[in-house]
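Reading through the structure tokens given below for one structure.
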Amino acid sequence: MPRPKKAKSELLETVPSWIDEISMVELFAGSAAATRAVLNFIGRVKSHRVKTKMLIIDYEERSTLEASYPDLIPLLAAGTVIHYQLSLAQAQKRDIPTIVEGLLGIQWKKINIVHVGLDCRTFSWAALATVRHRSPKGAAITLLAQEYEKILAHLCELVTDLTKVNPTVLATFENPRHGSFKEHELVQALIRRPGWHMAVFDYCAMAMESYDGKIAGPRERRVGGLTAQKPSVVVVHGTGDNPQSVMHQCRGRACRMVVPDTKHHVLVICGRSEGLRFGQRQIEESAKQIMPQGVYVQLLRCHFEWLFLRDGHDFRCYKCGQKEGELARCDSFGCTKVQHLTCDSIQPTSEDLWFCDVCHLQVPELLQLVREQAAGRTPPIPESMLPTLFELGDGPILQSLGIINNYDDGRVDGSAHSGDGQ
């Protein structure tokens, strides 16, 4: 039946009360900035205790990552974060879900957060200055670029499949804005799918003092909490329809990372041919790829606000496209559609279970079978039909009717109706 949307509240380090565990996988992890941001965020939650299960996957071995990014050492040593070395170019379709389930002990479809920080070598125009991996239009022309085409295709398919079975997952891809990634056909295909969006930002504008350090030091030699400008782009699922509202771009002279009384940044990724300007220094090689934690903190805030307000459902009526008024949420398992009941709904509003028009057209016979069986007017439902019922109906509702057991652990068990024929 219709469930009104919750009122908007001030959200800082806040996690919905029904979430007591956050699981995350970061691919091409490097410094694991996204994972560390999530851990720091969860560590500041005061309302209730939230456990974490974190896995980082990178083609570099653990010792190499620890040498480059010392912040990872205590997290890996304590087991707070698990590292797995994997060449994603060699990974098969089922490999990552299997690794996740084996190392974290959680089903892939129940992962809360997936971040892909793709290696930018073949997508960044900066890389083209020395090795031309791609044509000016972005087509792969070297073996390395062709390998990354396969990796990107594999990861897009993997994460897209995940969003189908877990519509509330926060999934993100990040890459430099000046490269060819944002125009790539696979990326453009992603943002044409419901729930996916693209946002642009600059590292310097996204750094947060509480997470990335406070800027201090003499005016001409600023230190601490600094990051280069680095324009970037994120493709994201699970933040509502306007993630750009929380992703900020450089403010020019007003940017905190600019040398005071000038218009140039303290840190630069690549020095100019005529040399560095007053007060400037070039960023360390190991820090070039480190994303400020503020980037992911903002995405998390946006994600949890979306969960608070929509419980993972859409917030625009499937029929009229408007978000004003009371919206009914579809009771079909995995469906995120919402709809005004006044928008010429096919299903009568008197039904105990309410389905959007699309799901109502798919499941009436099965629903009738469920009701009759629950009322004892039909023989037990054949176990062969339980997976179909589970996919088309709402798992908790079917469980409450006594049709299935063990909904919570992701298995469909019809043992309640398999023994005595009742």
Skipping prolines and chain starts, which residues have an amide H placed within reach, meaning under 5 Å, of the one on residue 180, given they are 5 or more residues away or on another chain? 124, 125
Place a +1 charge on the Cβ of each Lys and Arg in segment 26-119 and a -1 charge on the Cβ of each Asp and Glu, then give the dipole magnitude about the Cα centre in debye, rounded to the nearest 20. 700 debye
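Using a probe of 1.4 angstrom, how much of the accessible area of segment 128-230 is carbon and sulfur, in percent?
It is 55 percent, rounded to a whole number.
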Is the shape of segment 70-126 best called rounded, prolate or oblate, per the rule: a/c under 1.5 gives rounded, else a/b larger than b/c gives prolate, else oblate, with a ≥ b ≥ c the square roots of the Cα gyration tensor eigenvalues? oblate
Portion, in percent, of the accessible area of segment 274-334 that falls on carbon or sulfur, probe 1.4 Å: 47 percent
Can you list residues from other chains, or at least 5 along the same chain, whose modelled amide H is less than 5 Å from the amide H of residue 134? 141
Solvent-accessible heavy-atom area per residue, rounded to whole Å², over segment 226-284 at 1.4 Å: 49 Å²
In square angstrom, what is the accessible area per residue of segment 86-144 with a 1.4 angstrom probe? 50 Å²
For residue 223, which sequence-distant residues (separation of 5 or more, or a different chain) have an amide H within less than 5 Å of its own amide H, given hydrogens modelled in the peptide plane? 216, 217
Packing rank of 188-200, 148-160, where each peptide gets the mean count of other beta carbons within 10 Å, highest leading: 148-160, 188-200
Pairs 53/93; 51/110; 109/319: which exceed 25 Å Cα-Cα? 109/319
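The values are calculated or read from the model by the stated rules, or taken from the named source; none is laboratory data. Treat the numbers as computed from the prediction; the structure is a model and nothing was measured. All Cβ positions, glycine included, derive from the backbone under ideal geometry; neighbour counts span all protein chains shown. These accessible areas exclude ligands, DNA and RNA; they are computed on the full protein's heavy atoms, side chains included. Shrake-Rupley method; radii C 1.70, N 1.55, O 1.52, S 1.80 Å.
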